[in-house]
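Here the structure comes first, spelled out in structure tokens, and everything after it is commentary.
What follows is calculated from the coordinates using simple rules that are stated; it is not laboratory data. Worth saying up front: this structure is predicted, and the values here are computed from it rather than measured. Note: ideal-geometry Cβ built from the backbone for every residue, glycine included; neighbour counts use all protein chains shown.
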Number of protein chains: 2
Amino acid sequence: MKEKRCMLLPGPVYTPERIRNAMSKQMVERRGEDIKQLSKELIRDLKKVFKTERDVLFFVASGTGGMELALVNTLSPGDKVLALSCGNFGDRFADIAVAMGLNVVVERFPSGKPVDIDCVRKILQKDEEKDIKAVLITHNETSTGVVNDLEAISQLTREHGALSLVDAVSSLGCVDIRTDEWGLDVVVSASQKGLMSAPGIAMVSISPKAWEAVEKSRYPKYYWDIRRFKKFNEEKSLTPYTPAMTAMYGLKEALNMVLEEGYENVLERHRLITKALRAGLEAIGLELLVDEAYASPSVTAVKFPETIDSTAWRKALRNKYWVSTAGGLGDLIDTTFRIGHMGYIGREDIITGLSGIELSLREYGFPVEIGTGVAAAQKVFAE
Amino acid sequence: MKEKRCMLLPGPVYTPERIRNAMSKQMVERRGEDIKQLSKELIRDLKKVFKTERDVLFFVASGTGGMELALVNTLSPGDKVLALSCGNFGDRFADIAVAMGLNVVVERFPSGKPVDIDCVRKILQKDEEKDIKAVLITHNETSTGVVNDLEAISQLTREHGALSLVDAVSSLGCVDIRTDEWGLDVVVSASQKGLMSAPGIAMVSISPKAWEAVEKSRYPKYYWDIRRFKKFNEEKSLTPYTPAMTAMYGLKEALNMVLEEGYENVLERHRLITKALRAGLEAIGLELLVDEAYASPSVTAVKFPETIDSTAWRKALRNKYWVSTAGGLGDLIDTTFRIGHMGYIGREDIITGLSGIELSLREYGFPVEIGTGVAAAQKVFAE
């Protein structure tokens, strides 16, 4: 039953057949008309999900590479930045900034809670000298399943004057992000999360204010130099170095699917599925890490019941019931597991996943009344 | 007839169905056993084509990214390096080094000629203070179709004491490179050239001497930090950030094909095909850019006949005769075009390509006795 595995992963995610077929296409001339046309359409469609009319460029990199390029293009060594972290990927953004020689003030919020807006307000208000050049924010914290209030953080950042550099790796395509409306300066995402494609492409939006910062940046750079990408894109609809063509084929097909369904419908589907999943998990008697008020519509962290052998149980869930989930990360590694529900995820996946969780938990001695979780989710769908 | 296009490209290249099918596989858990096993086998097989028993690591990047990471991991800002260039990609390696703030001495040899060994000897002998920390070398210069004498350059570099940093992007998989035997310190390649896969993976081999340099490097880095990749690989058979899984599937299948055919047979096939192609082109009356003594077995640059409208002709070759070639690069852009013959290229491609060249040249007024080029190539195959 391996082929029918229920993949509830936080990325790379289940990749629909249409996208995988697109990725099995033959190569074309790297500087030819086909690839120019594909680049144009890719950027046009990416702008729709970024909700921006500003520049969007794409790179051969994982999301982490995209985060690094956001820093080295807009800042200079020694610049002060405020890193707002509420989990493993917020920590990573801060770690990259430290490794790149920035002067990093890390404000770490407890795992499972969002970035506290009042706290951000105070820090930025106290910075009267305007030493803070950029605020680093994780939109959707994949390690905990928290969505931060990006609109509010961006508002405070703009009032202060710093740049907002946003990790939207696991939000674009499944969590609403309004790049222009919220005034986000650099938004970084990747191909293998909400957009259901092969990993290998990082996509980045850049505001006019960010472009001004790019001109002042003193970081040595070549591969990450976005000015070169902008120039090649504007003059030739090409990238300066060989792009990840197969991943481009896949990403374009993913965008076709998203836009055919309607992006707002896709976002609504994620919200509905999250509601059903959370209802099901709670009916089973499992404790969720994150409060509904700031729960992510793309990943849900669940606390292990204390009474079961969590490692063996999650293995059984995978190998006997064919439901793949992800382990905890960072300080949550021993206490939680994560259910990904981003991309090509429907009602069926939630029902199958909850059923597997019920049956396997019962096998491991956790008291479950069979069917309660599934029924609770069904009720949400029936509404 | 688009599907039967004869793709004589210098990369990304024609990707055989087996590899494309492999790339259409479903995603798996990013930290699961399947991906660990794949990583192990990928590195094991890559070592066979690198001809090394030392470390090989892989990254989400194009070849250019691999070149940048070779520099920032083994050197420090301001270090003096000798960049040996005989074409566009040698120039690029030097450009990256300049952009990254190294003190770059560029020795540029004429396009179409190889790096002159005596010249390298003199430069390195004159550097009695051992200021030169690394020598940057292009193994197979894709813009001209020249193979440099890497063994001799490496020998001189070792005698001097500098590190050899080798761009093998378009040689690995189709031009013999003996990493350990020749004592190469860092060898950089990519997935979309000799190894016939999707672009998106850069592969790098690292010698013990290079690892010593890594420990002393003062470049700020995170995404490119190979120590982190070594640690994750040794401890978990994983990469620290999401790998390009689809490209990994493809690259593994490509290595399966190469090792099934026998790597030495693959190299011999490239040499035979090059001989036939060159014989055919010369019989047609075309002038080759590069002397046989240092001609690349993976790409051949051909001078445009002065009497024809070269742009219109190459378009006709592509659109009427379905033979795709590549344009010239750098200072050769107006005077040459390039025929790629790397990867999954057989006798049939050479015959089809030469036939298309004959027919289209004749149409554009170049005096060709139909069949001469094809016959000359056939004679090589008949030997």
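Numbers below:
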quantity: For chain B, calculated [θ]222 nm from helices alone, where every DSSP H run of n ≥ 4 adds -39500 (n - 2.57); calculated: -14000 deg cm²/dmol
quantity: Where GluC sites (Glu not before Pro) fall in DSSP loop in segment B:167-218, at most 14 other Cβ within 10 Å; calculated: B:181
quantity: Helix runs (DSSP H) in chain A reaching 18 Å along axis by Cα, Kyte-Doolittle at least -1.0; calculated: A:33-50, A:245-261, A:263-284, A:347-363
quantity: Translational diffusion coefficient (Stokes-Einstein; Kirkwood radius from C-alpha pairs) of chain A at 20 °C, 1.002 mPa s, in µm²/s; calculated: 100 µm²/s
quantity: Pairs from B:133/B:221; A:47/A:209; A:36/B:4; B:113/B:230; A:36/B:47 whose Cα-Cα separation, in the structure shown, is over 29 Å; calculated: B:113/B:230; A:36/B:47
quantity: Radius of gyration and Dmax over the Cα atoms of the protein assembly as shown, both given in Å; calculated: 27.1, 87
quantity: D_trans [Stokes-Einstein, Kirkwood Rh over alpha-carbon pairs] for segment A:94-253, 37 °C, 0.692 mPa s, µm² s⁻¹; calculated: 192 µm²/s
quantity: Loop GluC sites (Glu not before Pro), segment B:35-122, which have at most 16 other Cβ atoms in a 10 Å radius of their Cβ (DSSP); calculated: B:53
quantity: Overall Cα dimensions of segment A:159-282 - principal axes, largest extent first, Å; calculated: 52, 41, 23
quantity: Radius of gyration, Dmax [segment B:44-184; alpha carbons; angstrom]; calculated: 14.1, 40
quantity: With 10 Å bins from 0: P(r) over segment B:327-383, alpha-carbon pairs, percent; calculated: 20, 41, 34, 4
quantity: All lysines inside 16 Å of residue A:2 as judged from Cα atoms, apart from same-chain residues fewer than 8 positions distant; calculated: A:315, A:320, B:25
quantity: Debye equation applied to the C-alpha atoms of segment B:132-178, log10 I(q)/I(0) at 0.17, 0.24, 0.30 Å⁻¹; calculated: -0.47, -0.84, -1.11
quantity: At R0 = 56 Å, FRET efficiency that the Cβ-Cβ distance of residue B:362 and residue B:126 yields, to 0.05; calculated: 0.60
quantity: Restricting segment B:124-177 to trypsin sites (Lys or Arg not before Pro) in coil, as DSSP defines it, with at most 15 other Cβ within 10 Å; calculated: B:130
quantity: Among beta bridges that DSSP assigns inside segment B:17-260, antiparallel share in %, nearest 5; calculated: 40 percent
